[in-house]
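The values are calculated or read from the model by the stated rules, or taken from the named source; none is laboratory data. Computed from a predicted model, the values in this text were never measured in an experiment. Because the Cβ atoms are built from the backbone with ideal geometry, glycine has one as well, and the counts that use them run over all protein chains shown.
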Amino acid sequence: MDKKILVIIPCYNEEDNIVNTVENLRATCPEVDFLVVNDCSTDSSAALLKSRHYPFLDLPVNLGIGGGVQCGYLYAVRHGYDVAVQMDGDGQHDPAYLMKVVQPVLDGVYDMCIGSRFIKKEGFQTSFMRRVGIRWLSGMIRLLCGKRVLDVTSGFRATNLAMTAYFAQHYATDYPEPEAILAASLAGFRVGEAPVIMRERQGGVSSIHSFKSAYYMIKVSLALIIDRLSIRKVKGGRA
């Protein structure tokens, strides 16, 4: 492969998952590079990364998922990667589907391709209440920019050089996946999806659970509305 691909793996307290995640990626896609972004984990994640000699960034302060992934995008731009792929560190994203997400970007079909569990509706589909929330956010994004994306909270996504450079400068810091779709669409980038099969979290605890899910929905909904009011739509993917 003549294209350089970097897989960005955000990591926060993933001691139960990070080794399996990385080893599965290395076994399945040995041709790609990867970078783990350790976001001030308080468990043994950093020690595991060091002992395994994995390439990783050890952030000095906790930036949250958005800030951590943005560091990965900055790294990808500065090191000349053609495609950057975000893949969660909790084992939900199967690297067997990585090239299915990357290929539409390599082919020039999309600037950002999102791995979607809802196109073929196979594999782990998450809980009923989360599916309701995802449908709500999907509807909001379609209303605000006219773009229909089914799996708006999927963190399994690939970006080309232009999209990666944009995200290296413009990226939401908290729970950025839905906001990134809206921002990319309003900036004129081509956003699409590819079918994937996801797994349940392999260990640890998700940062979104119980009453936090309602808070998340309210917060992201408001953020999307604010983004729509502040982001100017520009054709051709140039801000």
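So VAL152 fits all but one of (1) in contact with a Leu (Cβ under 9 Å, 6 or more places away or on another chain); (2) without any contact (Cβ under 8 Å) to a residue 12 or more places away in the chain; what number is the exception?
So the condition that VAL152 fails would be (2).
Among (1) farther than 23 Å from TYR175 by Cβ; (2) touching a residue at least 40 places away in the same chain (Cβ under 8 Å), where does LEU48 come up short?
Condition not satisfied by LEU48: (2).
Which of the residues spanning segment 54-88 are among the hydroxyl-bearing types (Ser, Thr, Tyr) and within 14 Å of MET163 (Cβ to Cβ)?
TYR73, TYR81
Residue by residue through segment 54-68, note down the ones that are of a type in the set (A, V, I, L, M, F, W, C) and either in contact with a helix residue (DSSP H, G or I) (Cβ under 8 Å, 6 or more places away or on another chain) or over 24 Å from ILE181 (Cβ atoms) (or both).
Looking only at segment 54-68, we keep the residues that are of a type in the set (A, V, I, L, M, F, W, C), and these are 56-57, 59, 61, 63, 65.
Answer for segment 54-68, where residues must be of a type in the set (A, V, I, L, M, F, W, C) and either in contact with a helix residue (DSSP H, G or I) (Cβ under 8 Å, 6 or more places away or on another chain) or over 24 Å from ILE181 (Cβ atoms) (or both): PHE56, LEU57, LEU59, VAL61, LEU63.
Just for segment 59-79: of the residues that are of a type outside the set (Val, Ile, Thr) and farther than 21 Å from VAL32 by Cα, which one is surrounded by the fewest Cβ atoms within 10 Å (Cβ to Cβ)?
Among them, the one singled out is PRO60.
Determine whether ALA162 is small (Gly, Ala, Ser), touching a helix residue (DSSP H, G or I) at 6+ places or on another chain (Cβ under 7 Å), closer than 20 Å to LEU63 by Cβ and in a helix (DSSP H, G or I). First the steps, then the outcome.
Numbers: small (Gly, Ala, Ser): yes; touching a helix residue (DSSP H, G or I) at 6+ places or on another chain (Cβ under 7 Å): yes; closer than 20 Å to LEU63 by Cβ: no; in a helix (DSSP H, G or I): yes.
It is false that ALA162 is small (Gly, Ala, Ser), touching a helix residue (DSSP H, G or I) at 6+ places or on another chain (Cβ under 7 Å), closer than 20 Å to LEU63 by Cβ and in a helix (DSSP H, G or I).
Collect the residues in segment 107-131 that are buried (at least 17 other Cβ atoms within 10 Å of the Cβ) and more than 22 Å from MET217 (Cα to Cα), keeping them in residue-number order.
TYR110, ASP111, MET112, CYS113
With the requirement that a residue be assigned to a loop (DSSP other than H, G, I, E, B), polar (S, T, N, Q) and surrounded by fewer than 22 Cβ atoms within 10 Å (Cβ to Cβ), what does segment 132-159 give you?
THR153
Considering only segment 208-239, how many residues are farther than 19 Å from ARG131 by Cβ, hydrophobic (A, V, I, L, M, F, W, C) and modelled with pLDDT of 85 or more?
Residues that pass the stated criteria total 5.
Being within 14 Å of the chain's Cα centre (by Cα) and β-branched (Val, Ile, Thr) is the filter here; which residues of segment 50-104 pass it?
ILE65, VAL69, VAL83, VAL85, VAL101, VAL102
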